[in-house]
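Report on one structure; see the data block that follows.
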Amino acid sequence: MYSKKLARLAFGLLAESAFKCPLTRSVSSRGKAVRSLCSWTVCLHHRQKNLLSNGLTRLNVRPVSQTTLDPAEVRKFQAMASKWWDLQGEFAALHSMNDLRVPFIRDNLLNVHGVQQLGKPLAGLRILDVGCGGGVLSEPLGRLGADILGIDPVEDSVRTAELHSSYDPDLRERVRYQACTLEELAEEEVEGFDAVVASEVVEHLADLDAFASCCQQVLKPGGSLFITTLNKTTLSYVFGIVAAEQLLRIVPSGTHDWEKFIGPEDLERLLESFGFYVEAIRGMMYNPLTGAWSWQQSTAINYALHAIKRKEEPQPDRVWAKSENLDEPGRATSYS
Amino acid sequence: MFTFAKAKLAVLGLGRQCVALRALNGAQAVRNVRGFASSERDEESSTSENEPFDIIISGGGMVGTAMACSLGLDPNLAGKKILLLEAGHKKEMDRVPETYSTRVSSISPGSATLLSGLGAWDHIVNMRCKPYNKMQVWDACSDALITFDKESLQDEMAYIVENDVIVAALTKQLQTLSDHVEVQYRTKVVKYTWPRPYHISESIPWVQVTLANGKTLHTKLLIGADGPNSMVRREAGIPTVKWNYDQSAVVAVLHLSEPTENNVAWQRFLPSGPIAMLPLSDTESSLVWSTSHQHAEELLQLDEESFVDAINSAFWSNENHSELVETAGSLFRTALSVLMPDSGSARQLPPSVAGISPKSRVMFPLGMGHATEYIRHRVAIIGDAAHRVHPLAGQGANLGFGDVAYLTKVLSQAAFNGKDLGAMQHLLEFETERQRHNLPMMAAVDLMQRLYSTNAAPMVLLRTFGLQATNALPPLKEQIMAYASK
């Protein structure tokens with residue numbers, strides 16, 4: 001098991017190597033491939049922390065990742081950083097994914113909390129956007145009235161995000177960014193957020209346990225966790241190969257590791273073990289011809305998940321009573 | 001980084017302000033400063049004053065004011081800053097004036113629904129409005145005619161309302177929304193500055209609107225509702241397909257010879273152009289006579305009596321009939337009545353005119369215009385700025401209100417999804433949908449205008465048969481009415 005981890009670490013460091021691993025093609029959208037590079041530093045850093053075990057310091061993550069990262073990768077991130085907001089550029093798929101994920105987050109939060117204010121449905125809620133990148137998802141949520149904190153270990157992305165939101169007085173007040181990792185934040189902000197959003201991040205983390213534990217720490221009881229990621233199926237592998245071959249000409253070979261994908265059942269089990277209960281899972285699909293995402297029945301390729309942190313520790317004699325709660329009105333089982 | 005940038009901009013702004021104060025020609029310097037560095041000055045001055053608006057509507061006519069009301073009332077847009085700019089003065093109407101104004105519009109049921117949703121329809125009904133139940137359209141060169149009416153003549157087909165009444169009613173509604181919809185009257189725009197389509201640091205990403213009084217406003221979305229000679233459309237460089245009909249419309253308010261149940265709209269196609277009489281009340285009607293420029297000027301010069309005679313003869317005389325066409329027409333009508341016995345309508349004559357309201361004769365040129373694009377990044381155009389039609393079908397205002405309804409819907413949904421209001425994605429949706437609706441209507445109106453502007457026998461025969469056939473097919477007429485009522 002450790003040898004596997006070391007192997008993955010070795011592979012990660014040698015991103016451009018000819019290491020024959022057919023499972024590392026980017027899946028479905030080049031935007032995700034490029035962004036995966038950025039979030040990949042998160043996973044590298046997690047690995048680093050795991051190997052060093054304790055001694056988490058409050059230092060900025062940058063010195064660490066710069067020493068372990070390939071400088072070519074860093075340059076790639078910096079080149080990409082300015083492209084976050086080019087709507088027809090490499091991140092077009094992420095921008096169009098907002099059509100699905102913003103209503104998903106908004107409606108589920110409204111189900112739980114009710115409408116706060118007309119025109120600002122999410123007013124008064126504190127939301128953490130993990131792996132925010134250029135702020136593609138943070139800005140719409142900020143416009144809906146929520147107080148957003150976006151974190152990303154890549155400082156250039158955070159800078160781009162700050163600049164982009166600085167012009168709009170609405171966003172200036174409500175959206176903040178910080179270049180750090182989730183673990184660093186988890187120490188400061190215990191039970192500070194109403195919701196955590198980790199969109200297209202989980203498939204790049206090596207240590208999901210640490211991630212789930214940190215999410216559990218920063219969320220208020222009853223808070224929501226939203227995850228969008230890729231499933232670990234033949235279909236997601238096949239689409240990855242096909243799409244990547246079409247895209248290979250355009251994007252430097254990204255590193256989506258099929259091994260790191262996680263299926264909804266496994267993710268659900270993991271989250272349940274950390275004190276969440278999964279409220280909704282929906283399948284998503286990207287159409288490269290129209291550039292649009294759509295909901296679909298099957299979670300075979302992409303899916304979105306909504307989990308809620310349990311309000312109290314489940315007692316053995318109350319487990320049965322807890323399962324009754326799964327049918328409470330807050331559960332969003334279907335919506336258009 | 002952010003604070004550094006702001007500090008840098010502030011310093012630059014201060015520097016430029018000093019330059020402005022020291023310059024001899026104050027106005028000149030201010031203009032220079034503004035043109036080059038308005039962003040810096042804005043950063044520097046009080047933030048609430050120069051914060052960008054969410055939406056600025058340029059043009060406060062019927063369509064512009066309706067748009068402002070509609071956006072102001074939308075729940076998803078609550079809290080957004082909206083501004084309406086109008087070059088004229090505020091049109092208020094506590095009591096309706098005795099005399100009717102000459103510019104009127106035919107309001108379809110769809111537009112009436114929109115106006116009642118805005119709360120303005122009640123004001124209109126209380127002020128003055130005339131519903132009509134039937135429309136008769138007939139040819140001067142033949143006996144062909146077509147009538148439109150609802151199944152039971154009790155239902156109203158559409159409404160004739162004076163333009164001033166509509167604007168006053170909407171203005172009244174707008175006053176109730178004054179907490180987040182601001183209106184500036186007597187405000188002229190001299191310049192628009194467009195943002196770059198892609199984000200460049202250190203440049204303002206909003207539309208800049210420069211007013212005649214020197215102020216510069218910023219907005220995330222600019223809506224151009226400034227009429228057929230739209231400055232927004234021109235400055236945005238949107239290519240427009242347009243041509244002038246060699247026609248002008250003469251409008252007047254007519255007094256009928258005797259009071260009658262005036263609930264029919266009449267339109268007759270003369271070779272020189274259509275003449276229409278639209279009911280305003282039991283004793284008065286509105287005239288819209290489209291004819292050549294020369295004839296229009298002559299009509300304006302005539303004394304009242306001759307003018308009235310000209311109108312009556314235009315509606316009643318049969319001098320343009322030719323034997324051939326009459327025979328052919330009546331044969332066709334007989335054939336139709338054999339096939340469809342219930343079809344066909346008896347020709348009625350419009351009421352005769354006795355006089356006109358003093359000083360109510362006006363003329364204005366007619367043309368057709370269609371903007372090839374209704375949108376740009378952070379810009380949308382609606383109403384006559386986007387599409388200008390011949391008044392013969394009474395659809396100009398209705399198309400504009402249709403734009404208002406759909407654009408509000410699109411912006412409301414975008415705001416609910418947290419989108420930037422000026423983003424192209426939802427604006428494209430608006431453009432596609434409205435062009436799909438407007439283009440066929442405009443093509444049909446233009447076709448009608450061309451078809452009926454000649455008295456060459458083949459065309460006359462063609463349109464005679466066409467009109468009679470359409471009149472004989474109630475389902476087809478219903479389709480036409482449904483399309484025009486949206």
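Within region B:156-168, identify whether any single residue is over 22 Å from the mean Cα position of the chain (by Cα) and modelled with pLDDT under 90, and answer yes or no.
Among the residues of region B:156-168, not one is over 22 Å from the mean Cα position of the chain (by Cα) and modelled with pLDDT under 90, which makes the answer no.
Being at pLDDT below 85, part of a helix (DSSP H, G or I), buried (at least 16 other Cβ atoms within 10 Å of the Cβ) and basic (Lys, Arg): is that true of B:Lys409 here?
Details: at pLDDT below 85: no; part of a helix (DSSP H, G or I): yes; buried (at least 16 other Cβ atoms within 10 Å of the Cβ): yes; basic (Lys, Arg): yes.
No: the conditions fail for B:Lys409.
Suppose we keep only residues that are of a type in the set (D, E, K, R) and not in a loop (DSSP other than H, G, I, E, B) within region B:178-225. Which one would you say is nearest to the other protein chains (Cβ to nearest Cβ)? If you could, list the steps in order and put the result at the bottom.
Initial filter on region B:178-225 (of a type in the set (D, E, K, R)): B:179, B:182, B:186, B:188, B:191, B:196, B:202, B:215, B:220.
With the extra rule that they be not in a loop (DSSP other than H, G, I, E, B), the set shrinks to B:182, B:191, B:220.
Details: B:Glu182: 16, B:Lys191: 21, B:Lys220: 8 Å.
The extreme case among them is B:Lys220.
Would you mind finding the one in B:Asp282, B:Asp246 that is under 29 Å from B:Ile124 (Cβ atoms) and surrounded by fewer than 21 Cβ atoms within 10 Å (Cβ to Cβ)? Step through it out loud before you land on a result.
Numbers: B:Asp246 fails: under 29 Å from B:Ile124 (Cβ atoms).
One residue alone meets the criteria, B:Asp282.
Being among the β-branched types (Val, Ile, Thr) and either away from every other protein chain (no Cβ under 14 Å) or under 16 Å from the mean Cα position of the chain (by Cα) (or both) is the filter here; which residues of region A:140-163 pass it?
Step one: filter region A:140-163 for residues among the β-branched types (Val, Ile, Thr), giving A:148, A:151, A:154, A:158, A:160.
Scanning region A:140-163 gives A:Ile148, A:Ile151, A:Val154, A:Val158.
Please tell me if B:Pro228 is in a loop (DSSP other than H, G, I, E, B), in contact (Cβ under 8 Å) with a residue 60 or more places away in the chain, under 15 Å from B:Pro391 (Cα atoms) and touching a strand residue (DSSP E or B) at 6+ places or on another chain (Cβ under 6 Å).
Working: in a loop (DSSP other than H, G, I, E, B): yes; in contact (Cβ under 8 Å) with a residue 60 or more places away in the chain: yes; under 15 Å from B:Pro391 (Cα atoms): yes; touching a strand residue (DSSP E or B) at 6+ places or on another chain (Cβ under 6 Å): yes.
Taking the combined requirement at face value, the residue satisfies it.
Quick one: in region B:412-435, which of the residues that are in contact with a Pro (Cβ under 9 Å, 6 or more places away or on another chain) and assigned to a helix (DSSP H, G or I) is farthest from the other protein chains (Cβ to nearest Cβ)? Walk me through it before giving the result.
Start the filter on region B:412-435 by keeping residues that are in contact with a Pro (Cβ under 9 Å, 6 or more places away or on another chain), which leaves B:412, B:416-420, B:422, B:424.
When the remaining residues are screened for being assigned to a helix (DSSP H, G or I), the result is B:412, B:416, B:424.
On the way: B:Ser412: 10, B:Phe416: 7, B:Met424: 8 Å.
By that ranking, first place goes to B:Ser412.
Could you list, in sequence order, the residues of region B:66-112 that are among the hydroxyl-bearing types (Ser, Thr, Tyr) and under 20 Å from the mean Cα position of the chain (by Cα)?
Step one: list which residues in region B:66-112 are among the hydroxyl-bearing types (Ser, Thr, Tyr), which gives B:70, B:99-102, B:105-106, B:108, B:111.
Hits for region B:66-112 are B:Ser70, B:Tyr100, B:Ser101, B:Thr102, B:Ser105, B:Ser106, B:Ser108, B:Ser111.
So, A:Val158, is that one touching a residue at least 12 places away in the same chain (Cβ under 8 Å) and surrounded by 20 or more Cβ atoms within 10 Å (Cβ to Cβ) or not?
Yes; evaluated as a whole, the condition is true for this residue.
What is the residue count in region B:67-104 for residues that are more than 14 Å from every other protein chain (Cβ to nearest Cβ) and assigned to a loop (DSSP other than H, G, I, E, B)? Step through it out loud before you land on a result.
Residues of region B:67-104 that are more than 14 Å from every other protein chain (Cβ to nearest Cβ), as a first pass: B:67-70, B:83-104.
Next, only the ones that are assigned to a loop (DSSP other than H, G, I, E, B) stay: B:86-103.
Of the residues in region B:67-104, 18 are more than 14 Å from every other protein chain (Cβ to nearest Cβ) and assigned to a loop (DSSP other than H, G, I, E, B).
One residue is enough: does region B:307-329 have a residue meeting the conditions assigned to a strand (DSSP E or B), surrounded by 15 or more Cβ atoms within 10 Å (Cβ to Cβ) and within 34 Å of the chain's Cα centre (by Cα)? Working first, answer last.
From region B:307-329, those assigned to a strand (DSSP E or B) are none; that's our starting set.
Within region B:307-329, not a single residue is assigned to a strand (DSSP E or B), surrounded by 15 or more Cβ atoms within 10 Å (Cβ to Cβ) and within 34 Å of the chain's Cα centre (by Cα).
Take region B:262-296 and flag every residue that is closer than 18 Å to B:Gly355 by Cα and in a loop (DSSP other than H, G, I, E, B).
B:Asn262, B:Leu280, B:Ser281, B:Asp282, B:Thr283
Report whether or not A:Glu203 is acidic (Asp, Glu), touching a Ser or Thr at 6+ places or on another chain (Cβ under 9 Å) and closer than 21 Å to A:Gly135 by Cβ.
On the way: acidic (Asp, Glu): yes; touching a Ser or Thr at 6+ places or on another chain (Cβ under 9 Å): yes; closer than 21 Å to A:Gly135 by Cβ: yes.
Against the criterion (acidic (Asp, Glu), touching a Ser or Thr at 6+ places or on another chain (Cβ under 9 Å) and closer than 21 Å to A:Gly135 by Cβ), A:Glu203 qualifies.
Got a sec? Which of B:Arg388, B:Arg361 is touching a Lys or Arg at 6+ places or on another chain (Cβ under 9 Å) and charged (D, E, K, R)?
On the way: B:Arg361 fails: touching a Lys or Arg at 6+ places or on another chain (Cβ under 9 Å).
Step by step, each of B:Arg388, B:Arg361 is checked, and only B:Arg388 is touching a Lys or Arg at 6+ places or on another chain (Cβ under 9 Å) and charged (D, E, K, R).
Working only within region A:96-139, note down all residues that are outside any loop (DSSP other than H, G, I, E, B) and either of a type in the set (Ser, Thr, Tyr) or at the interface with chain B (Cβ under 9 Å from one of its Cβ atoms) (or both). Give the steps one after another, and end with the answer.
Taking region A:96-139 and keeping what is outside any loop (DSSP other than H, G, I, E, B), we get A:96-113, A:126-130, A:138-139.
A:Ser96, A:Asn98, A:Asp99, A:Val102, A:Pro103, A:Arg106, A:Ser138, A:Glu139, listed by residue number.
The values are calculated or read from the model by the stated rules, or taken from the named source; none is laboratory data. Quick caveat: nothing in here was measured; it's all calculated off a predicted structure. Here the Cβ is made from the backbone with ideal geometry for all residues, glycine too, and neighbour counts use every protein chain on show.
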